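The values are calculated or read from the model by the stated rules, or taken from the named source; none is laboratory data. In this text, all values refer to a predicted model and were calculated from it rather than measured experimentally. Note that we place each Cβ from the backbone using ideal geometry, even for glycine, and neighbour counts take in every protein chain shown. Accessible surface areas use protein heavy atoms only, side chains included; no ligands, DNA or RNA. Shrake-Rupley method; radii C 1.70, N 1.55, O 1.52, S 1.80 Å.
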Amino acid sequence: MISVSAMNGIRAYLLTASERQTLEAYPDGALAWDDQGTFCYAGPWSERPEKPPVVWEELRHLIVTPGFIDVHSHLPQYPAVGIGGYPLLPWLEKFIFPVEQKFAPERAGIEAPQFFNELKQNGITSAIVYTTDNPESTEICFQAAKASGLRVAMGQMLMDVNCPRASREKQLTNRALDESATLCAQWHNAADGRLKYAFSPRFVLTCTEGMMKECGKLAEQAGAFIQTHLSENPEELEVVHKMHPEAKDYTNVYELCGLLGPRTIMGHAIYLSAREYEALAATKTKIAHCPSSNLFLGSGVMDYQKMCEFALEVGLASDVAGGPELNPWEVMKAGTYSHQMRAAFVPGSRVPSPVELFYMATAGGAKVLGNGERLGQLRAGYQADLVAWNPAGLMPYGENAVQEDADPKVVLARLIYRGAKAGVERILVNGGRV
């Protein structure tokens with residue numbers, strides 16, 4: 001007779017978004033997963049299956065969501081969060097390039113493990129991360145990512161012009177590409193697939209055409225991601241036009257270099273023409289929406305209506321240190337406020353609802369990672385990545401925020417607008433506590 005081992009499960013308030021405007025809630029919910037880290041049941045407690053046996057844990061005072069997915073962040077910049085007062089380009093020169101240059105291996109060994117712990121403390125189970133142009137520091141970041149238990153796509157920042165390293169080294173283009181290719185060979189799909197490599201040309205202002213074209217080829221050969229920045233700031237667009245007068249627009253520079261595609265994530269994408277939306281949609285290029293960063297640096301507000309019209313996949317991102325914090329609830333709140341302000345001045349602007357922002361931070365982020373059929377939802381057959389939140393501080397006067405008769409959209413709205421008061425009680429990746 002074959003014995004069947006018991007699965008693990010929790011009883012709690014469950015919140016998940018399966019589609020852009022569809023919120024699913026189980027105020028008295030049950031969530032169970034097997035020893036492979038896959039959900040086998042998600043639904044009402046009253047309808048939970050009797051077999052196979054489940055060891056249930058009572059967490060009815062907590063709200064459980066899918067693990068959040070941050071699709072654009074800068075690990076070495078994190079010590080510079082909250083330093084603002086400048087637009088993008090002078091901010092990079094004055095604050096960011098210097099802090100990145102200090103990110104030597106010794107510093108990476110101290111800060112990288114702490115950064116991944118900060119992700120956990122903010123309910124983030126998957127992240128797409130930039131390092132610096134230092135390959136040794138990037139190697140240490142990957143070691144820390146492996147030890148963290150999180151899902152991480154990451155890559156060495158690639159620059160070969162208009163950057164400190166270019167002023168020190170000759171033949172930088174080939175050397176930096178070789179460094180990145182070596183890192184990709186070692187880390188792409190490592191840790192049972194938890195870790196991915198992302199070739200990371202910073203942006204057009206710091207990369208030659210030769211570097212960008214080779215990036216595209218290397219990523220295609222390895223099946224790796226590409227991440228970069230697009231149309232974040234008006235001054236940036238002017239410089240791009242001067243550098244590449246032959247290009248139709250900013251997106252066309254990347255297009256001519258072979259960098260668009262379904263494994264490419266473009267950060268920001270604020271100032272786009274109709275042709276650019278069409279090019280991004282035709283190549284299934286993904287978008288990282290960074291509303292808190294765009295507010296903090298005064299860059300602008302993405303046209304969410306156009307993103308929906310062209311059916312572009314959009315994930316939510318902190319963009320630290322451009323964004324002043326990692327907390328996804330706070331990033332969602334910044335998204336609401338910034339799009340409401342845009343709508344006040346730009347007729348016809350679409351304001352994403354709380355459900356849509358929650359979707360971007362979970363299922364939408366999973367689609368940006370190319371894993372939308374297996375990640376980002378509390379659903380049978382999906383990977384068991386989850387966060388249990390303590391909502392005790394959401395309501396004034398100690399009221400209960402998770403009453404069974406509460407409107408789930410109200411519960412979600414309070415998490416977004418007052419989510420900084422909700423603490424992470426538990427975080428799981430692939431069914432295991434991290």
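Data for the structure
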item: Positive-pole candidate from Phe97, Gly109, Pro66, dipole of segment 12-124, charges at beta carbon; result: Phe97
item: Charge dipole magnitude, Cβ of K and R +1, D and E -1 - segment 295-434, Cα centre, debye nearest 20; result: 80
item: Under Karplus coefficients 6.51, -1.76 and 1.60, residue-wise ³J(HN,Hα) of segment 93-106 in Hz, glycine/proline x; result: 5, 7, 10, 7, 4, x, 5, 5, 5, 7, 7, 6, x, 4
item: Cys308-Lys94 pseudo-label distance in nm [points 7 Å out on the Cα-to-Cβ vector]; result: 3.7
item: Modelled FRET efficiency - R0 45 Å, Asp192 with Val239, Cβ distances, 0.05 increments; result: 0.60
item: Overall form of segment 32-173 per C-alpha gyration tensor (a/c, 1.5; a/b vs b/c); result: prolate
item: Per residue value of the accessible surface for segment 1-99 (all protein chains in place, 1.4 Å probe), Å²; result: 45
item: Whole-percent carbon and sulfur share, accessible surface of segment 337-402, 1.4 Å; result: 56
item: Separation of alpha-carbon centers, segment 150-213 and segment 280-300, rounded to whole Å; result: 21
item: Electrostatic dipole magnitude of the chain [Cβ: Lys, Arg +1; Asp, Glu -1; Cα centre; debye, to 20]; result: 100
item: Loop trypsin sites (Lys or Arg not before Pro), segment 114-172 (other Cβ atoms within 10 Å of the site Cβ: 13 or fewer; DSSP); result: Lys170
item: Whole-Hz couplings from phi, Karplus 6.51/-1.76/1.60, listed for segment 389-402; x for Gly and Pro; result: 9, 8, x, 4, x, 5, 9, x, 6, x, 5, 7, 8, 10
item: GNM flexibility winner over the chain from Ala190, Ala274, Ala144 (Cα, springs under 10 Å); result: Ala274
item: Projected area, mean over directions - the chain, Cα convex hull, nm²; result: 21.8
item: Interchain or long-range residues, amide H under 5 Å from Tyr130's placed H; result: Ser73, His74, Leu75
item: In Hz, Karplus ³J(HN,Hα) per residue of segment 303-310 (6.51, -1.76, 1.60; θ = phi - 60°; x = Gly, Pro); result: 8, 5, 4, 5, 4, 6, 4, 9
item: Where a label projected 7 Å from the Cα of Arg350 along Cα→Cβ would reach, residues of segment 321-344 with amide N under 20 Å; result: 332-344
item: Extreme residue, positive dipole direction of the chain, given options Ile416, His289, Ala274 (C-beta unit charges); result: Ile416
item: Cβ charges +1 (Lys, Arg) and -1 (Asp, Glu), total dipole of segment 114-221, debye; result: 180
item: Share of carbon and sulfur in the accessible heavy-atom surface of segment 128-244 [1.4 Å probe, %]; result: 49
item: Antiparallel %, DSSP beta bridges [both residues in the chain], to 5; result: 45
item: Degrees separating the helix 408-418 axis from the principal Cα axis of the chain, which is the longest one; result: 50
item: Accessible area per residue, Å², segment 246-324 with all protein chains present, probe 1.4 Å; result: 30
